[in-house]
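Here is the structure we will look at, set down as structure tokens.
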Amino acid sequence: MKYGELADENIEPDRAKQIKDNVRAVLDSIALAEEQAEREKSSVSLLAAVKTRTTGEIFAALEAGVRVIGENRPQEIEAKRQSLQKVCAEKQLEFEYHLIGQLQTNKINKVLPYVDCIESVDSLKTAAALSKRLESAGREKIGVLLEVNESAEATKSGCSPEEAFDLACEIAQIEGIELRGLMTTGMRGGGEIELRRCFSSLRELRDRLLSSKNKGTEKCVELSMGMSGDYKYAIAEGSTIVRLGTVIFGPRTF
Ligand SMILES: *Cc1c(COP(=O)(O)O)cnc(C)c1O
């Protein structure tokens, strides 16, 4: 993949229309799922997962109502952020930038100055490294979510559910680290029962953290869970952020 090409601001009108139609359909579908789950209107926010997508494609999604975008790779943030900031400044659109992919400590400087929230923190080591680099990144704090591997798949990132409570409490006390919630990915190939079990387990963990009244856990409210194939189950189980790529942009070609 050539990262430079991802900064391309141009987009064919047909492609832009397709993305905008998809965003509107997804927003309707989220609203319906909220209603069916008897949840408050607009209690779920849509994060567009934009790995491999260009600035032009992302901008089309923003114009259709997306307000949060999530990148997986620090290199993609580096490639796109200037062109994204430029087009958004021109059109007076604002967005929140999240990192949703794994973060190695040697890549922290590439992302820390630019993102609002890192959803993929899964160790004390990463949280401590983030805290240490805040000053040189020119900021006082950074929002994080603790990623939990609820489905216990060996290939996945995230801390284990057993260690998650203690880890969350420790991370929440680190200077400059604002623990805003938890993140997980549903079991790959899982059916409704397995998927909902992962999601409800994350919700229970969040509720335990909030009611613990431990220092720093009072802002741990977000549940980032649900992707294109399983977001309706996630919303039924209390998700507050769904991370959608394929249903907005179509299948990934690389
Ligand atoms: C790609 C990705 C998504 C979105 O996946 P889709 O199935 O395309 O909706 C969500 N979360 C993470 C961490 C991802 O890497």
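No lab work stands behind these numbers, since they all come straight from the coordinates. Model, not experiment: these values are computed from the prediction. Neighbour counts run over all protein chains shown; Cβ positions are idealised from the backbone, glycine included.
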- Task: With the cut-off at 32 Å, report for the chain the share of all Cα pairs above it, as a whole percent.
- Result: 19
- Query: In which sequence would Asp28, Asp8 go, from the one with the fewest C-beta neighbours within 10 Å to the one with the most?
  - Reply: Asp28, Asp8
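If I take every Cα pair under 8 Å that is 6 or more residues apart in the stretch 182-251, average their sequence separation and divide by the length, what percent do I get for the relative contact order?
Relative CO of the stretch 182-251 lands at 32 percent.
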- extent check for the stretch 126-254: Cα max minus min per principal axis, descending, whole Å, gives 41, 35, 26
- Exposure proxy check: Val44, Val121, Val221, Val247 ranked by fewest other beta carbons within 10 Å? Val221, Val247, Val44, Val121
- Note down the net charge around Arg196, summing +1 for each Lys or Arg and -1 for each Asp or Glu among other residues with Cβ under 14 Å from its Cβ. -3
- Within the chain, helix-based [θ] at 222 nm, where runs of 4 or more DSSP H residues each add -39,500 (n - 2.57), nearest 500: -13000 deg cm²/dmol
- Please work out how many pairs of lysine residues in the stretch 122-220 are eight or more positions apart (or on different chains) and have Cα atoms closer than 20 angstrom. 7
- Task: Can you check what the net charge comes to around Leu46, using other residues whose Cβ is under 12 Å from the Cβ of Leu46 (Lys, Arg +1; Asp, Glu -1)?
- Result: 0
- The residues Thr155, Thr184, sorted from fewest to most surrounding Cβ atoms within 10 Å, come out as Thr155, Thr184
- Task: Would you please state the base-10 log of I(q)/I(0) at q = 0.16, 0.21 1/Å for the stretch 1-128, with intensities from the Debye formula using one equal scatterer on every alpha carbon?
- Result: -0.84, -1.22
